[in-house]
Amino acid sequence: DQTTFSLRKRLAKHGYRVHGWKQGWNFGARADTLEKLRERIESLGHQRKLVIVGWSLGGLYAREYARYNPDQVRAVITLGSPFSGDPRQNTIWPLYERIAGHSVLDPPIPRVTDKPPVPHLALWSRRDGLIAPRAARGLDDERDDEVGLDCHHMAFAISTHATREVVREIDRFLKRHN
């Protein structure tokens, strides 16, 4: 939540009601990750469908949550999230395996590349540095729309310029997918 503070602040300035995930540092997928996300979302007490914004690995969680709970999700927005292709095409996979304690080829939660049953916008960058553009952009049948931004991986959540672009693209996408 500390890392995504700037992004959440920018979203709030644009009228979005924002919430952190309240799970602490993300050290990789765990068998109970989606259950904890469900508990967090239910604790918010919202009656309206949510837009879930997931950065990096958080985008995979958002996609899978939406797959199993489409009645609660208006849209999924992924920021530099490796949801498509071979997970080893990303430069970060060896470090991820050491931190998470499992292979990227055998994660404890499903890794489904099919598009979730809700609108999905994939934001990606050729200059990401950690996640391959192909992995974060996805194929046409894996998301509804994609937009390339000019930023590094960390900038999606912390850069003033990048967060401004992220919010602009979210606004555009949601207007098209009412």
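Annotations
- Inter-centroid distance (Cα atoms) of segment 1-49 relative to segment 86-108, Å: 23
- A simple count of charges around residue 135, restricted to other residues whose Cβ falls under 11 Å of its Cβ and scoring Lys, Arg +1 and Asp, Glu -1, yields 0.
- Prolate/oblate/rounded label for segment 47-178 (Cα gyration tensor, a/c 1.5): oblate
- Neighbourhood charge, 11 Å Cβ-Cβ cut-off, centred on residue 60 and excluding it, Lys, Arg +1 and Asp, Glu -1: +2
- Accessible area per residue, Å², segment 19-157 with all protein chains present, probe 1.4 Å: 48
- Label-point separation in nm, residue 98 to residue 114, each point 7 Å along Cα→Cβ: 3.7
- Residue of 25, 124, 93 that the Gaussian network model of the chain assigns the largest fluctuation, springs spanning Cα pairs under 10 Å: 25
- Among 117, 107, 94, the largest mean-square fluctuation in a Gaussian network model of the chain (Cα springs under 10 Å) belongs to 94.
- A full extension of the chain between residue 5 and residue 164 corresponds to an added length of 55.9 nm, given 0.36 nm per residue minus the alpha carbon distance.
- Of the residues 134, 30, 17, the one that moves most in a GNM of the chain with alpha-carbon contacts below 10 Å is 17.
- Neighbour cut-off at most 14 other Cβ (10 Å), DSSP loop, trypsin sites (Lys or Arg not before Pro), segment 65-126: 126
- Nonlocal amide H pairs with residue 55, under 5 Å, H built at 1.01 Å: 79
- Carbon plus sulfur fraction of accessible area for the chain, probe 1.4 Å, in percent: 52
- log₁₀ of I(q)/I(0) at q = 0.20, 0.21, 0.22 Å⁻¹ - segment 101-163, Debye sum with one point per alpha carbon: -0.89, -0.95, -0.99
The values are calculated or read from the model by the stated rules, or taken from the named source; none is laboratory data. On a predicted model such as this, the values are computed, not experimentally measured, just so you know. Reconstructed Cβ throughout: ideal geometry from the backbone, glycine too, with neighbour counts over all protein chains shown. Side chains included, ligands, DNA and RNA excluded: accessible areas come from the protein's heavy atoms. Shrake-Rupley method; radii C 1.70, N 1.55, O 1.52, S 1.80 Å.
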